[in-house]
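Let me begin by presenting the structure, written as structure tokens, before commenting on it.
The values are calculated or read from the model by the stated rules, or taken from the named source; none is laboratory data. Being a predicted model, the structure only gives us computed values, none of them experimental. Reconstructed Cβ throughout: ideal geometry from the backbone, glycine too, with neighbour counts over all protein chains shown.
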Amino acid sequence: MTEQPPPPGPARPEAPLPPTRPTQPVAPAHPVAPVQPVAPARPVQPVSATNNLPPPPAAWPPPDATVVAYDVSLSFGSLVAVSNVSVAVRPGVSALLGPNGAGKSTLLRMMSGQLSPSSGRVWVAGGDPRQDAEARNRIGLVPQQDGVFEQEKALSIVRLAAILSQLDNVEERARWALNLVELDPDIERPVGAFSKGMRQRVKIAQALVHDPMVLMMDEPLNGLDPRQRKQMISLFHDLGSQGKTVLVSSHVLEEVERLGSHVIVIARGRLAAQGDFRGIRGLMDNQPLRFRVSCDNARAVAASLIGAGSVVGCTVESATELQLTTADASRFRREIASVCKSHDVRLVEVAPLDEDLESVFRYLVGGG
Amino acid sequence: MGAAFVVLYRLFLRHQLTTGRLVLIGSLNAVALLIGFAVGTSDPFDPTQAAADIVWFYGLGLMAPIISLVLGSSSLGDLQSDETLVYLWHRRTPRWILAAAAWLAPTTIAIPATTFGLVGCAILAGGFSGSLFFGTLFAVAIAAIVYSAVFTLLGLLFKRALIIGLIYLFIWEQFVARAGGGAARVSIGTYPSSILAKLADVELFLADRSTVTAFVVPLVIAGLSILLTARRLDHMDVA
């Protein structure tokens with residue numbers, strides 16, 4: 001690999017670690033970038049999966065990026081897990097989206113310093129987390145694996161994390177972190193007896209205890225019930241709005257939609273797209289999309305929609321159900337309502353068939 | 001730094017003491033007592049020499065290295081296999097503290113866990129004396145220190161550290177190293193045996209290192225192993 005010059009911008013100067021403030025648990029300590037609550041939405045940039053990434057533009061990465069992976073690749077034997085990925089993550093909540101096995105956990109592990117890339121470089125808040133303990137300490141890590149110290153109590157685990165991070169007010173910080181994730185610090189039973197959701201919250205608490213500048217979380221919402229999910233997403237947003245960089249990986253599109261506006265899509269070990277989530281949805285809308293329509297007169301609706309022009313293909317599945325393909329989703333959504341009204345047809349449901357994650361990847365990676 | 005070491009040491013200590021390992025330690029001690037009883041009832045010609053022979057062959061040859069292997073190889077190895085190592089590894093605490101705590105925990109269990117059975121064995125064999133007690137104590141301590149350090153490293157390097165360790169103990173330490181003086185020089189077991197021979201003033205096979213050498217060489221090996229463990233922690237990938 002040819003050694004690339006370090007990208008400009010992302011905080012290479014050795015920034016001092018923000019002091020931990022016991023009285024102000026989640027302080028917006030940010031030595032690298034000016035506080036910019038949430039990264040502004042940028043146009044989505046689909047990236048060719050078959051070609052190598054072009055050299056980054058001069059303005060890349062953004063000056064306020066706190067996490068930068070530049071042209072990183074990692075192979076395990078003949079398996080290429082991540083290939084030539086360049087991403088920059090700014091303060092705010094960002095989502096790393098990809099199907100299982102896409103390489104997002106590997107990328108996250110490289111960005112957190114757990115894995116050494118075969119080529120390319122990683123910076124987190126001014127340092128290489130693999131080499132620099134201070135840079136590593138600016139990261140709060142929630143690993144994907146379920147295992148925590150099974151015999152220990154939740155408070156002991158978070159206290160251990162606080163001590164290893166060399167905090168002064170260990171007990172206070174540990175209790176604060178557990179309270180933040182709505183877990184009682186005084187639960188007596190060991191973590192091994194916890195539900196999966198409770199264990200996830202212990203993992204998040206130990207990541208938060210040292211008030212890190214960057215939070216990297218691999219599928220942190222797994223195992224949480226809907227209420228806990230909502231609460232965690234709200235917590236992530238709070239942290240993001242305080243100027244922290246919150247990077248969350250997920251393979252659930254709906255989850256990502258609620259998580260953050262900035263999305264990095266990884267598929268087959270490559271960067272498939274990055275940018276604003278709505279941009280990705282917009283791109284999807286400009287592609288031929290399939291819908292299933294349930295109504296009480298499928299034939300009449302199908303005939304009218306084809307005549308109206310927004311529908312390019314249609315299959316009547318039954319008297320009450322049809323499946324159709326449209327090249328203009330927004331126009332179709334407008335037309336279906338008026339068509340049903342004009343035929344006095346009762347419209348029961350319009351369900352998109354291509355909004356699952358696989359369809360997004362099929363489009364982003366395969367070109368349609 | 002001190003607080004980090006203490007909390008890590010306690011964590012490793014708690015995780016070492018599983019039911020299976022306690023049963024193994026208990027069984028090895030019970031066997032030591034049985035051997036001592038058997039020797040004692042057989043009216044040996046020189047009870048002290050007989051007791052020292054048991055401590056040498058069974059205690060230093062099997063019991064101390066096996067207990068150290070089981071505890072040492074699991075110290076970091078278990079955390080690596082259940083993927084909890086990352087919670088310790090990802091913190092800013094220096095790697096050498098993690099390595100040292102991971103070594104000290106099995107060592108502090110192995111020393112009393114081995115000494116108890118061997119002292120009982122010597123008493124039952126009828127050869128117990130002050131010099132044999134101190135010889136056994138120091139020899140076991142040195143054996144536990146060096147074997148635990150080596151096997152802690154082994155546990156970090158290999159998934160099947162227990163098997164590899166057993167092969168090493170039975171093929172190299174028990175067989176090859178006892179073939180002659182040359183091989184014995186590169187055997188860890190020679191050094192604790194020499195300490196026992198010198199301090200208890202008994203004759204043991206191929207235990208002819210000087211007292212200083214017998215103390216210094218294992219400590220150097222242990223130190224190097226801890227350094228290598230720290231270095232490995234520094235350079236390894238952690239899932």
Checklist entry - Tally time: how many residues in region B:128-164 are more than 18 Å from B:Leu79 (Cα to Cα) and not hydroxyl-bearing (Ser, Thr, Tyr)? => result 17
Next on the checklist: What are the pairs with Cβ atoms under 7 angstrom where one residue, in region B:21-39, is at negative phi and the other, located anywhere, is of a type in the set (Ser, Thr, Tyr)? Sequence gap at least six, or different chains.
Outcome noted: B:Ala32/B:Tyr58; B:Ile35/B:Tyr58
Checklist entry - From the set of residues in region A:277-310 that are charged (D, E, K, R) and modelled with pLDDT of 80 or more, which is surrounded by the fewest Cβ atoms within 10 Å (Cβ to Cβ)? => result A:Arg299
Checklist outcome for this item: Of the residues in region A:82-118, those that are surrounded by fewer than 21 Cβ atoms within 10 Å (Cβ to Cβ) and closer than 15 Å to B:Asp237 by Cβ come to A:Ser116, A:Ser118
Item to check | Within region B:198-235, tally of residues that are crowded, with 16+ Cβ neighbours inside 10 Å, at negative phi and away from chain A (no Cβ under 14 Å) | outcome: 19
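Condition check ((1) within 10 Å of chain B (Cβ to nearest Cβ); (2) buried (at least 24 other Cβ atoms within 10 Å of the Cβ)) across all residues:
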{"position": "A:Phe149", "(1), (2)": "yes, no"}
{"position": "A:Ile163", "(1), (2)": "yes, no"}
{"position": "A:Arg173", "(1), (2)": "no, yes"}
{"position": "A:Ala177", "(1), (2)": "no, yes"}
{"position": "A:Glu188", "(1), (2)": "no, no"}
{"position": "A:Ala207", "(1), (2)": "yes, yes"}
{"position": "A:Leu239", "(1), (2)": "no, no"}
{"position": "A:Val248", "(1), (2)": "no, yes"}
{"position": "A:Glu254", "(1), (2)": "no, no"}
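Could you identify the single residue in A:Pro99, A:Pro63, A:Pro143, A:Pro129 that is in contact (Cβ under 8 Å) with a residue 24 or more places away in the chain and within 14 Å of another protein chain (Cβ to nearest Cβ)?
Numbers: A:Pro99 fails: within 14 Å of another protein chain (Cβ to nearest Cβ); A:Pro63 fails: within 14 Å of another protein chain (Cβ to nearest Cβ); A:Pro129 fails: in contact (Cβ under 8 Å) with a residue 24 or more places away in the chain.
So the residue among A:Pro99, A:Pro63, A:Pro143, A:Pro129 that is in contact (Cβ under 8 Å) with a residue 24 or more places away in the chain and within 14 Å of another protein chain (Cβ to nearest Cβ) is A:Pro143.
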Checklist entry - Would a scan of region A:217-230 turn up a residue that is within 14 Å of chain B (Cβ to nearest Cβ) and among the hydrophobic types (A, V, I, L, M, F, W, C)? => result yes
Checklist entry - Only one of these conditions is not met by A:Arg201: (1) among the basic types (Lys, Arg); (2) under 22 Å from A:Ser249 (Cβ atoms); (3) in a loop (DSSP other than H, G, I, E, B). Which number is it? => result (3)
Checklist entry - Only one of (1) in a helix (DSSP H, G or I); (2) within 14 Å of chain A (Cβ to nearest Cβ) fails for B:Val238. Which number is that? => result (1)
Checklist entry - Has region B:214-234 got at least one residue that is without any contact (Cβ under 8 Å) to a residue 40 or more places away in the chain and more than 18 Å from the chain's Cα centre (by Cα)? => result no
Checklist outcome for this item: Apart from one, (1) more than 14 Å from chain B (Cβ to nearest Cβ); (2) buried (at least 23 other Cβ atoms within 10 Å of the Cβ); (3) hydroxyl-bearing (Ser, Thr, Tyr) all hold for A:Ser73; the odd one out is (2)
Next on the checklist: Considering only residues that are surrounded by fewer than 16 Cβ atoms within 10 Å (Cβ to Cβ) and in contact (Cβ under 8 Å) with a residue 24 or more places away in the chain, which ones fall in region B:181-191?
Outcome noted: B:Gly181
Checklist entry - Mind checking which pairs have a first residue in region A:147-170 that is more than 12 Å from A:Val209 (Cβ to Cβ) and a second that is in a helix (DSSP H, G or I) and of a type in the set (Ser, Thr, Tyr), Cβ under 8 Å, 6 or more apart or different chains? => result A:Val148/B:Tyr87; A:Phe149/A:Ser156; A:Phe149/B:Tyr87
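Quick one: which of B:Trp103, B:Trp89 is touching a Ser or Thr at 6+ places or on another chain (Cβ under 7 Å) and of a type in the set (Phe, Trp, Tyr)? Write out each step before concluding.
On the way: B:Trp89 fails: touching a Ser or Thr at 6+ places or on another chain (Cβ under 7 Å).
The unique qualifying residue is B:Trp103.
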